[in-house]
Structure formats: C-alpha cells, structure tokens
Amino acid sequence: MNGQQEQIINQLKVQGILPNKTYFQHDYSLAINNEASFPENELYLSVADLETNAEMQYLAMQNIAEVKLNGNYQYTDVLQRERNIIEIIYPSNSFKSLRDGIYFYTLDENKQLKKQKSFNDVYKLPCYLRVEKKHGIVVSIQKRPLTTITRYNYNYWANNNLKYLKLEILDISNNVIYFSETFFNEKGELEKTTRKNTKTGLSSIETIVNQGDIYSIDEFFDDKGIKTNRVSHYKNSFRVKNEVLNKNGKVIKTNNSEIELFDFEKDLDEPYPYNQLIMNIEKCNSLLTDSIFMQGISENPKYDQEALIRTEYLGITPNQVYYHKLPFPSFMVERYKNFPHQAPLTLIEAENQSPQEKYNDLIKIEIGNNYQYKKIDKTKWQQTAISLPSSQLKSLENGIHFFVINDKGQLTPLNSVEEAIAQPTYVRVEKVMGKIVSTLQKTRVQWLTTEFDYKKNAPIRSKLTVIESHIVPKLVIESEYEDGLYIPTSQVIKNAQGNIIRTFKIVKKKNTIAILERFNEQGVKTNHIEISKQGDIENQYLDSKEHVRFTTSDIQDKEYPQLYDELPFNPDGFEMMLFEHFNK
C-alpha cells in the first residue's frame, strides 16, 4: 500500500466511513488495478446529497453509484446508474401551484403526472421528471431517463491486490444483458477475461499471452459455443489480426477488424410515455443536441416528427412571418433541417435584444408550408450611444421612441419600429419613470437574405442574396446540398447583372474531387481550377478564348483576388466572413 492509499483510508475513517455499508458516489470509475480500487471521490450517506451536483448538470448526465467497501477500504460491490439530463418542452401551468423549490414526478401510461415525495423515490426508476421553480417561475423541466445500469463485483488476494472482477450491464428491468469476468494473478496483473452478450448468446475468452509482439489472444464463440474467430492484439498498438474460422476450427480468411460483442455506445431505450416528451433544444446541453444536429440532411422520421411537434408547441404556423431570438443557431451545426426550435418574437421584442453590444442582429423569418425556414432575412446594425439635447426629449412619454436625425442633430419622430428599421440609420430613445435611460443611434451595416428549397424535409437548395454590404457588391449565391453534408456539393455566384462569376462542383472524375471556375464581371471565364483527392491544386489562367495562359498550384487568384474566391461556403459561413472583414 502506498502513501496516497493510506491517506485515502485515513480520510475515510475520519469521515466515519465503515466497511460493508452502502454509500453513494458521483463519477465512479471502473477499477482494473490496485491503485484504482480505493475511492478517491467523496462518499455520501444519502443519495439526496448528489441530486443537485453541479458537475452532473454541466455534463448533462447524472452519474450515481451505490458502493460498498471491504475491511481494507477497497471496492467490493458497486451498482452504478447513469442518466441523461434532458430539458423538455412541457406545459408549465401544470406546476403553477408549486412554491419555489425542486420537485419530482412520474408519468403513468395515460401521461398523467404523479408527484413523488423525494429524490429517494425516483432515483432508481427507469425515468422521472424533475421540475425547478425560482421566484415563482418554472425555470427547468427535465426528463432523466436511465442510459446505463452497471454492477461491479470485486475480490482481492491476501496481499490486497485485485483477484477477480465481474461486470454486469443491466436493462431497465434489471436483467443482465451483458457480463464479463476478469481474473488477475497475485501481482494484480490481468490474466484472462471472459465476456458474453446474454441476448445474442455470443461470447469470447481473452487470454494474456505476452508472446513476441502479441499481447493477447481473444477467441470468439457463437450462441452454440462453436469457435468462430481468433483475434490477436499486438503490444503497444491498436493493430489486430482477426482470423475467421470455419466449423472445424480452420482459418478461412484473415482481416484486421475488431469484433464487438456488445454496443456500449447505445443508451437504454426510454420507456413510454417519457419517450414521447420533446427535447427543449434551446435549453438543452450541447452534448445532447449535437447528436440531433449531426443527422444533417439525411432522412430521419423520428427527429423530423419531434421537430414538427416542437415547432407546433412553440405556436409557429405555416407561412408565419416573425422575428427570431438571438443568438441565431448556425446552419446545420446548431439547427436541425431548418426546423425552428425557439419561440417567435415580435419586432419590438427583437429590435433591442443586445443593447450593450457594438453590433446587433435583427432576424426576420418566413416559415414555409413544411414548418421549416423558407426565408431568413438578416440585418446587422452598428449601435452607438449618443447624447441628445434634453429639450428635444422632455415632452416624451415613458416608453420606446424612434427618430431620424439630421446633420444638425435635430430629431424627426417616426411612427413605429417598422418605419425605423426601414431607414438606413435611426435613433432609438427609451424613457422609464420620467428619465431617459438609453439613446442609441443604429446604422445598418449588412443585409442578407437566404431562401431554401426542400425535399422530404431535407434542405436541398439555398439562395443567398447580398442586399447591402460594405465589403462586396450585390451578389446572389445559389447552393445545392446532398449526402447529409452542410457544405454545398455545388455552388454558383452571380453578380448584380445576373452574370455567373464563380462556380464550384463536387465531381467524380478519375483523381479529381472538385472543380472551381472563375469568370469576370462580364461572364467571361478567367480560371479553371481542379482539386485532386489528395488536395493538390491545378489553377489554369485563361485568355478570352479560354486558352491556358499559365498554371499555378495556388488556389488564390494572383491577378484579381476576391473575398468569395474560395468556394464552397454555406450561407452562415459567408455571412460571418463578410462581417469579419468589415469589422477588421
């Protein structure tokens, strides 16, 4: 026993921790050596002490283990439950009568709420609801479904080294669906591991051999016990040799692929009716929402249906026009197939969302018949606090007022916020309890719109129009998408006269992966660029008759470089690029 382990034992004794008694621990980790067999994380007498653990909330996963220690304060029995912490969309009126605090509920088969007395009553269940209320407002409604249940059992040699470890993975009914048994020698060194998937009947026996450059040999068996594969694992390497065997045990082919008896990445299925509750993407942890956004534009009826229900719950209807909350989720990466997941705002609510920022976005949305974004109108405003003569503001009533201002600082009132945002520059004045609390001058610096076409809910085309920009003249960028990618597979840029000035296309041509072509403002081709699968570039400069003048290996234009030369880019990416250059 080393000094650190002695220190852990002494600390546990001071805390009153006793052998063979059940305690609770957060973030338990599997012990596969003697050093890890002592609990380094704090142990708790009550499971309720872990319910509000901030780290679990941050990671969007609840991780609670029931642990028992032996007389040497090493793990003997551990039962670990892990859950996803998922913010959901649910009628808050159901909890109107509650006082401030944290409450726990279950749902019956008719989706009716049943209030539970405490966390102790729910932490073992397949799923439950957690509701938090602050200052009279429901700030969080979560479902917490079990994702994994794992049981560990340890035995030790007389010298306290690991002797045996049994691991069992359970379903929500506590049936064993996978188990493994690991055996160690008296030095605590791993010797053999047996594994079995109880649902499929497939099993394996891995033996540590340490012969030559081979570390271990893993033999696999089918549900009748017939050996099917022999896999050799090499020392200090991820390389394997997988020998496929026939029924007589002879090698019939060899490959270098691993065999997985069990899918350790798959979560337990959510029970009904919890699996019908819709995730609140706006409030949910990105660790959970990323898995939705990664679906890209591929077909996924489950997520499509959830997105449709979420949109309807938010009160968004086909052909509706409204203003959007900030920050606006970026294309594909933070939104699912252009389905909205934030509640709509009125113009007056959206116009001043970021009053302290130097720049403020105003985003108008038009919804299509499919409940997805049909058109996104984005204007960016530069905001500057200004001083105005009090004499011009003295007669104003409490509220928000809009003006245009001339060169002499004189204000002309505007009738509405709609009239204000139609101006290239306007002044916004806010008066509260007889005092002017804000005077901002807002100047539009960028204006772009993007329109989308769909096929089976998947965005297949977009058309971005640059209406105003200090960086580029008016442009139209038409893009096409496929294969679940948010980067376009083809793209065309047209100037204000409608002439094509840039093209990009993914191709399958021998060793070529993409072709870019550039044209001048009159539509005459000036460059033909091919990009190989290895990333090599052949940039041909052409004369007016499309004869090659010279060739370079640089994608940058040496003669007339433009900001939009390096296609492709998605709509949001181009918008960000424009603003970054403006803001330099």
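The values are calculated or read from the model by the stated rules, or taken from the named source; none is laboratory data. This is a predicted model, so every value here is computed, not measured. Positions of Cβ are generated from backbone atoms using ideal geometry, with glycine treated the same way; all protein chains shown enter the neighbour counts. Protein only, heavy atoms only, side chains kept; ligands, DNA and RNA dropped before computing areas. Shrake-Rupley method; radii C 1.70, N 1.55, O 1.52, S 1.80 Å.
Name the residue that is farthest from S416 (Cα to Cα), counting only residues in the stretch 347-356 that are at pLDDT 95 or above and open to solvent by 70 Å² or more (accessible area, probe 1.4 Å).
E349
Could you list, in sequence order, all residues of the stretch 243-267 that are open to solvent by 30 Å² or more (accessible area, probe 1.4 Å), in contact with a strand residue (DSSP E or B) (Cβ under 9 Å, 6 or more places away or on another chain) and of a type outside the set (D, E, K, R)?
N246, G249, V251, I252, T254, N255, N256, S257, I259, F262, F264
Kindly indicate the residue of the stretch 134-148 that is under 30 Å from L98 (Cβ atoms) and among the β-branched types (V, I, T) and also most open to solvent (accessible area, probe 1.4 Å) among those meeting that condition.
I137
Among the residues of the stretch 505-527, are any without any contact (Cβ under 8 Å) to a residue 24 or more places away in the chain and under 30 Å from I365 (Cα atoms)? First the steps, then the outcome.
Going through the stretch 505-527, the residues without any contact (Cβ under 8 Å) to a residue 24 or more places away in the chain turn out to be 505-515, 517, 519, 522, 524-525.
With the extra rule that they be under 30 Å from I365 (Cα atoms), the set shrinks to 505.
The answer is yes, given that some residue of the stretch 505-527 is without any contact (Cβ under 8 Å) to a residue 24 or more places away in the chain and under 30 Å from I365 (Cα atoms).
Just checking, how many residues over the stretch 413-438 are at pLDDT 95 or above, surrounded by fewer than 18 Cβ atoms within 10 Å (Cβ to Cβ) and among the hydroxyl-bearing types (S, T, Y)?
Selection size over the stretch 413-438: 2.
Give Q441, Q446 a once-over and let me know the one that is closer than 20 Å to I363 by Cβ and touching a Lys or Arg at 6+ places or on another chain (Cβ under 9 Å).
Of Q441, Q446, the one residue that is closer than 20 Å to I363 by Cβ and touching a Lys or Arg at 6+ places or on another chain (Cβ under 9 Å) is Q446.
If you scan the stretch 241-255, which residues turn out to be within 22 Å of Q211 (Cα to Cα) and modelled with pLDDT under 95?
G249
Which of the numbered conditions does P459 fail, given that it passes all the others? Conditions: (1) without any contact (Cβ under 8 Å) to a residue 24 or more places away in the chain; (2) of a type outside the set (D, E); (3) in a strand (DSSP E or B); (4) touching a strand residue (DSSP E or B) at 6+ places or on another chain (Cβ under 8 Å).
(1)
How do the pairs read when you match residues in the stretch 149-169 that are within 16 Å of P39 (Cα to Cα) and open to solvent by less than 30 Å² (accessible area, probe 1.4 Å) with residues anywhere that are among the hydrophobic types (A, V, I, L, M, F, W, C) and at pLDDT 95 or above, using Cβ under 6 Å and keeping only pairs 6 or more apart or on different chains?
Listed pairs, sorted by first residue: Y152/V78; Y152/L167; Y154/L165; L162/F184.
Determine which member of the set T450, T443 is of a type in the set (V, I, T), at pLDDT 95 or above and open to solvent by 20 Å² or more (accessible area, probe 1.4 Å).
T443
Write out, first by first residue and then by second, each pair whose Cβ atoms fall under 9 Å of each other, whose residues are 6+ apart or on separate chains, and whose first residue, in the stretch 23-35, is within 10 Å of V47 (Cα to Cα) while the second is of a type in the set (D, E) and crowded, with 17+ Cβ neighbours inside 10 Å.
Note: pairs meeting the criteria are Y23/E66; F24/E66; Q25/E66.
Yes/no per residue for (1) in a helix (DSSP H, G or I); (2) on the phi < 0 side of the Ramachandran plot; (3) within 20 Å of the chain's Cα centre (by Cα); (4) of a type in the set (A, V, I, L, M):
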site: R310; (1), (2), (3), (4): yes, yes, yes, no
site: T317; (1), (2), (3), (4): no, yes, no, no
site: M332; (1), (2), (3), (4): no, no, yes, yes
site: N338; (1), (2), (3), (4): no, no, yes, no
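Out of Y215, Y152, Y164, I need the residue that is under 27 Å from E270 (Cα atoms) and not in a loop (DSSP other than H, G, I, E, B). Which one?
It is Y152.
Collect the residues in the stretch 272-317 that are of a type in the set (S, T, Y), farther than 27 Å from R461 by Cβ and either loosely packed, with under 13 Cβ neighbours inside 10 Å or at pLDDT below 90 (or both), keeping them in residue-number order.
Y272, S286
Give the stretch 219-245 a look and list any residue that's within 15 Å of S204 (Cα to Cα), assigned to a loop (DSSP other than H, G, I, E, B) and charged (D, E, K, R), or say none. Full working, then the answer.
Our first condition is that a residue be within 15 Å of S204 (Cα to Cα); within the stretch 219-245, this holds for 219-233, 242-245.
Then drop every residue that is not assigned to a loop (DSSP other than H, G, I, E, B), which leaves 222-226.
Answer for the stretch 219-245, where residues must be within 15 Å of S204 (Cα to Cα), assigned to a loop (DSSP other than H, G, I, E, B) and charged (D, E, K, R): D222, D223, K224.
Can you name the residue in the stretch 281-327 that is β-branched (V, I, T) and touching a residue at least 60 places away in the same chain (Cβ under 8 Å) and is also nearest to E87 (Cα to Cα) among such residues?
Filtering the stretch 281-327 for residues β-branched (V, I, T) gives 281, 289, 292, 297, 309, 311, 316-317, 321.
Adding the requirement that they be touching a residue at least 60 places away in the same chain (Cβ under 8 Å) leaves 281, 297, 311.
Numbers: I281: 8, I297: 24, T311: 16 Å.
Only one residue fits best here, namely I281.
Out of all the residues in the stretch 36-67, which are open to solvent by 60 Å² or more (accessible area, probe 1.4 Å) and in a helix (DSSP H, G or I)?
Listed by number, the residues that qualify are D49, A54, E55, Q57, Y58, L59.
From the set of residues in the stretch 68-83 that are among the basic types (K, R) and touching a residue at least 60 places away in the same chain (Cβ under 8 Å), which is surrounded by the fewest Cβ atoms within 10 Å (Cβ to Cβ)?
R81
Exactly one of (1) in contact (Cβ under 8 Å) with a residue 24 or more places away in the chain; (2) over 29 Å from Y454 (Cβ atoms); (3) of a type in the set (D, E, K, R) is unmet by R502. Its number?
All conditions pass for R502, except number (2).
Taking K394 as the residue in question, decide whether it is in contact (Cβ under 8 Å) with a residue 60 or more places away in the chain and either over 26 Å from H324 (Cβ atoms) or in contact with a strand residue (DSSP E or B) (Cβ under 9 Å, 6 or more places away or on another chain) (or both).
So K394 does not fit the description; no.
Criterion first (at pLDDT below 95, of a type in the set (D, E, K, R) and farther than 30 Å from M56 by Cα) does E258 satisfy it?
Yes; evaluated as a whole, the condition is true for this residue.
Only residues that are in a helix (DSSP H, G or I) and surrounded by 11 or more Cβ atoms within 10 Å (Cβ to Cβ): list them for the stretch 11-35, please.
Answer for the stretch 11-35, where residues must be in a helix (DSSP H, G or I) and surrounded by 11 or more Cβ atoms within 10 Å (Cβ to Cβ): Q11, L12, K13, E35.
Of all residues in the stretch 365-420, how many are within 25 Å of S354 (Cα to Cα) and either in contact with a Cys (Cβ under 6 Å, 6 or more places away or on another chain) or part of a strand (DSSP E or B) (or both)?
25
Return the total of residues in the stretch 535-584 being exposed (fewer than 15 other Cβ atoms within 10 Å of the Cβ), of a type in the set (A, V, I, L, M) and in contact with a Leu (Cβ under 7 Å, 6 or more places away or on another chain).
1
Which residues, taken from the stretch 491-525, are polar (S, T, N, Q) and touching a Ser or Thr at 6+ places or on another chain (Cβ under 7 Å)?
Within the stretch 491-525, Q491, N511, T512, N520 qualify.
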